[in-house]
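The values are calculated or read from the model by the stated rules, or taken from the named source; none is laboratory data. For clarity, every value in this text was computed on a predicted model and none was experimentally measured. Note that we place each Cβ from the backbone using ideal geometry, even for glycine, and neighbour counts take in every protein chain shown. To get the accessible areas, we keep the full protein, side chains included, count just its heavy atoms, and leave off ligands, DNA and RNA. Shrake-Rupley method; radii C 1.70, N 1.55, O 1.52, S 1.80 Å.
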Amino acid sequence: MSVSDRNPQYHCPLRDKFINIGEADFLVVSKQAKADLPKPGEPVAQANIVFHRALEEEMDDILEVCNYFWDETEFFCFDQTFDVTKCVNILALAEGEVAGFLSHKKVDDAVVIVALNVYPEFQGQGIARLLLKEVTEQAHKQECNTLKLATSNDDLPALCLYQKLGFRITDVKVGAVAKHHGGDLKGFGGIPIRDEIRLEKKI
Ligand SMILES: CC(C)(COP(=O)(O)OP(=O)(O)OC[C@H]1O[C@@H](n2cnc3c(N)ncnc32)[C@H](O)[C@@H]1OP(=O)(O)O)[C@@H](O)C(=O)NCCC(=O)NCCS
């Protein structure tokens, strides 16, 4: 998994500006202060955020989100390459507009989350949380009781999200991401992207 540095991926509430991962940095704030900061975009009422399995004709939307964030539509994790066009994709629509998506695939007795992205203007509204709730329901329907995902060592917002939602780090493949890309790329805040962090949640 590599990262596109072309496009803004986050919102800086201090400058009220969209920023790419090279411009991003971490700041420790109190939860109370965080609640007072500007949000990325207009909040969308929960009732106007809907999720559905992407239809064949919506595949272009899925590929567009992948290319926006990653410059690729195939993701290497758990020692294999996942092509999103061959995965199940859940699309999040906010007032009819594509807000993000989650791609997943059943592998043995677990559901692997292959990709999860929310466009910056829709971030901070719980859409990623809801997409993860949706995949949990779909995993239950497939009689799977384990969700698995992998992220890279630099992706601190993602590590925060997953651990807050109950995922546990189960393995670290040291150097796996750098090896896959033939060297270190710069990731969130300029942190070298090197290691594949594997996480799991029993559901
Ligand atoms: C990570 C990402 C999917 C989160 O989407 P989102 O819809 O904004 O997330 P939510 O609003 O559901 O946030 C849920 C929790 O995630 C964490 N989180 C989300 N964005 C964060 C950020 N920028 N910084 C720190 N924590 C963050 C918070 O703990 C948040 O909980 P809170 O509401 O109690 O603060 C989105 O920022 C994104 O697409 N990022 C770029 C691509 C990426 O890294 N994807 C994951 C690859 S493994």
Would you tally the residues in the stretch 80-119 being away from the ligand (no atom under 13 Å from the Cβ) and among the polar types (S, T, N, Q)? 4
Write out, first by first residue and then by second, each pair whose Cβ atoms fall under 6 Å of each other, whose residues are 6+ apart or on separate chains, and whose first residue, in the stretch 1-14, is modelled with pLDDT of 85 or more while the second is surrounded by fewer than 18 Cβ atoms within 10 Å (Cβ to Cβ) and hydroxyl-bearing (Ser, Thr, Tyr). Asn7/Tyr68
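The rows are residues; the columns are (1) closer than 27 Å to Val177 by Cα; (2) among the acidic types (Asp, Glu).
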| residue | (1), (2) |
| --- | --- |
| Leu14 | no, no |
| Lys34 | no, no |
| Ala47 | no, no |
| His52 | no, no |
| Asp60 | yes, yes |
| Val65 | yes, no |
| Phe69 | yes, no |
| Asp79 | yes, yes |
Considering residues that are within 11 Å of the ligand (Cβ to nearest atom) and open to solvent by 100 Å² or more (accessible area, probe 1.4 Å), the number found within the stretch 26-42 is 6
State which residue is farthest from Gln123 (Cα to Cα) when the search covers only the stretch 43-85 and only residues that are among the small types (Gly, Ala, Ser) and open to solvent by less than 60 Å² (accessible area, probe 1.4 Å). Ala54
Pair list, Cβ < 6 Å and 6+ apart or interchain, from the stretch 31-59 residues that are touching a residue at least 40 places away in the same chain (Cβ under 8 Å) to residues that are part of a helix (DSSP H, G or I) and open to solvent by 70 Å² or more (accessible area, probe 1.4 Å): Pro40/Glu121; Gly41/Glu121
Examine the stretch 14-24 for a residue that is near the ligand (Cβ under 10 Å from one of its atoms) and aromatic (Phe, Trp, Tyr), and state whether such a residue exists. no
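Residues checked against (1) at pLDDT 95 or above; (2) farther than 20 Å from His52 by Cα:
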residue: Thr136; (1), (2): yes, no
residue: Ala150; (1), (2): yes, yes
residue: Cys160; (1), (2): yes, yes
residue: Lys164; (1), (2): yes, yes
residue: Val172; (1), (2): yes, yes
residue: His180; (1), (2): no, yes
residue: Lys186; (1), (2): no, yes
residue: Gly189; (1), (2): no, yes
residue: Glu196; (1), (2): yes, yes
Failed condition for Val172, given (1) crowded, with 20+ Cβ neighbours inside 10 Å; (2) of a type in the set (Val, Ile, Thr); (3) under 20 Å from Thr81 (Cα atoms): (1)
Go through the residues of the stretch 117-125 one by one and say whether even a single one is farther than 21 Å from Glu72 by Cα, surrounded by fewer than 20 Cβ atoms within 10 Å (Cβ to Cβ), at pLDDT below 95 and within 14 Å of the chain's Cα centre (by Cα). yes
Residue within the stretch 104-122 that is hydroxyl-bearing (Ser, Thr, Tyr) and over 25 Å from Leu37 (Cα atoms) present: no
